[in-house]
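What follows is a set of notes on a single structure, which appears directly below.
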């Protein structure tokens, strides 16, 4: 049986997201992005990290909306594993800014079928 090329799978996922996505700003509560054009420049008092990955965002399918865990208006953001530095845990981030639209990160699913994180799926809710 041939070994699975998880890195190759992640590269394919990254290309698909790059084709369909756009740059977003992801941060942690208590951090203030001083200038959206320079998202790495956060409020020095917080000392936290801010990421600027490419994300493909889509609406939830109507059958997935239960009114409790998934609400009308929630969206999903797909971010490839290579967009997040290995030193960062995506599950610790809780805000996403898409242009001028602010979202709260409700849940993060990590897709890691082998040694490489292939994909993050974020559940987003408008702030």
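Derivation of every value follows stated rules applied to the coordinates shown; laboratory data play no part. None of the values given here were measured: they were computed from a predicted structure. A quick note on method: Cβ atoms are made from the backbone with ideal geometry, for glycine too, and the neighbour counts reach across all protein chains shown.
Taking the Cα centre of each part, how many Å lie between the stretch 45-90 and the stretch 104-121?
9
Enter the mean projected area of the convex hull around the alpha-carbon atoms of the stretch 73-127, in nm², rounded to one decimal. The partial results should precede the final answer.
Values: hull surface 15.6 nm².
One quarter of the hull surface, i.e. the mean projection, equals 3.9 nm².
Given R₀ = 22 Å, what would the calculated FRET efficiency be for residue 62 paired with residue 107, taking r from the Cβ atoms and rounding to 0.05?
Details: r = 19 Å, r/R0 = 0.86.
Efficiency at R0 = 22 Å is approximately 0.70.
Let me test this: with uniform point scatterers at the alpha carbons of the stretch 65-105, what is the Debye-based log₁₀ I(q)/I(0) at q = 0.17, 0.20, 0.27, 0.35 1/Å?
For the requested q values the scattering log ratios are -0.61, -0.80, -1.09, -1.21.
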